[in-house]
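Following: one structure in structure tokens, then a few remarks.
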Amino acid sequence: MLKRIVTIQDISCFGKCSLTVALPILSAMGLETAVVPTAVLSTHTGGFSGYTFRDLTADIPEITKHWESIKLHFDGIYTGYLGSIEQVNIVADFFDRLAGEDTTIVVDPVMGDAGRLYAGFTPEFALEMKKLCSKADIIVPNMTEVSYLLDIPYTEKYDEAFVKDVLRRLTAIGCRTAIITGVRYGDDMHGAVAYDSVNDTYYSSFQPHIDQPMHGTGDVFSSVLSGALIKGASLQQALDTAVAFTVDTIRETIPEKDTYWYGVSFEPCLGKLSEDCKNFR
Ligand code: PXL
């Protein structure tokens, strides 16, 4: 039987992030993937101007109620970009109603990057997102999101001891596992570091850094990580697969980076991902 995941995030109609990335990736990994679109934007907000934004918050409780009535069961719930404080609360209610004992909840607290919040986000939103993180099993912030979740200054100069301390403080929010993405210790490596508070164990996965910022890589990473974990991969396997796939998509995009400034070319990498995931069952 296929594992079933639901991913809750916006659909940016053009621009390769959130649902237009999560849905193909999770399907290619061999998961049955349901979606709850939280908003419809004509494009994402990272570099386009004049985009439309239709808020679908009011639909979410209706979808939740219907799914409860037909007793849908999910092996995994994965949330990404959420558009308002109200929406975060409604997603928390979705967890209460639809997550079973055996449902793994992954929250990517999408709020910002490179030290800055994305358009429309506020420190008040970050406080609500912190509450949602307390209901998750696994959270996947980048360093910018860490600074807002823990109310500490953003820095790009840190060492392994700092990351380990911050990971412990993130799990103290209430989630079993915290994973920080985009970690760099000042050498030429780039990767993700995780802490499982139940086993009191750290994990990490690094690859050589590629000096080319690209939009949407956070969503690519979290989609693969969520899919791998819900398919039964270990935390180490899931980290390695997500880091390796993210790097593959960046390498794939580099020759055409000016054309694809708005998102990575993940599509040619899906076949290999699909093969790599067959072992996780
Ligand atoms: O990739 C995160 C993301 C998701 N959704 C929307 C965004 C962004 C980042 O800019 O604008 C609408």
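The values are calculated or read from the model by the stated rules, or taken from the named source; none is laboratory data. This structure is a prediction, so every number in the text was calculated from the model and none was measured. For neighbour counting, all protein chains shown are included, and Cβ atoms are generated from backbone atoms with ideal geometry for every residue, glycine included. We work out accessible area using only protein heavy atoms, side chains counted, and drop any ligands, DNA or RNA first. Shrake-Rupley method; radii C 1.70, N 1.55, O 1.52, S 1.80 Å.
For the reader, a short list of remarks on this structure follows.
- For segment 77-139 versus segment 1-41, the gap between their alpha-carbon centres in whole angstrom: 16
- Modelled spin-label separation between residue 187 and residue 210, with each label point placed 7 Å from Cα along the Cα-to-Cβ direction: 2.1 nm.
- Unit charges at the beta carbon, dipole of the chain: most positive-side option, 63, 263, 177: 63
- When the chain is described by a simple charge dipole with +1 on each Lys and Arg Cβ and -1 on each Asp and Glu Cβ, the residue from 49, 106, 203 located farthest towards its positive end is 106.
- For residue 122 and residue 69, the FRET efficiency from 1/(1 + (r/R0)^6), where r spans their Cβ atoms and R0 equals 45 Å, is about 0.80.
- Fully extending the segment from residue 134 to residue 176, taken as 0.36 nm per residue of separation minus the present Cα-Cα distance, adds 14.2 nm.
- Rg and Dmax, both from the Cα atoms of the chain and both in Å, are 17.4, 53.
- Dipole magnitude (debye, nearest 20) for the chain, charges at Cβ of Lys, Arg, Asp, Glu: 340
- In Å², nearest 10: area of residue 219 left accessible to a 1.4 Å probe: 20
- A 1.4 Å probe run over segment 4-277, with the rest of the protein chains in place, finds 42 Å² accessible per residue.
- Simple label model, 7 Å out from Cα along Cβ direction - residue 52 to residue 162, nm: 4.4
- With a threshold of 25 Å on the Cα-Cα distance, the over-threshold entries among 135/157; 71/272; 3/135; 71/231 are 135/157; 71/272.
- Per-residue 3J(HN,Hα) values for segment 68-83, derived from phi via the Karplus relation 6.51 cos²θ - 1.76 cosθ + 1.60 with θ = phi - 60°, read 4, 5, 9, 6, 5, 10, 10, 6, x, 10, 10, 10, x, 3, 10, x Hz in sequence order (x marks Gly and Pro).
- Nearest-0.05 FRET efficiency for residue 85 and residue 59, computed from C-beta distance (R0 22 Å): 0.80
- Counting 0.36 nm for each residue step from residue 234 to residue 256 and taking away their Cα separation leaves a gain of 4.5 nm.
- The chain, relative contact order [Cα under 8 Å, separation at least 6], %: 17
- Relative protection proxy for 165-175, 95-105, 132-142, 35-45, from highest mean packing down: 132-142, 35-45, 165-175, 95-105 (other beta-carbon atoms within 10 angstrom).
- Take every pair of alpha-carbon atoms less than 8 Å apart whose residues are at least six positions apart; their mean separation over the length of segment 170-281 yields a relative contact order of 20 percent.
- A dipole drawn for the chain from +1 and -1 charges on Cβ atoms has a positive end, and of 144, 72, 133 the residue lying farthest that way is 72.
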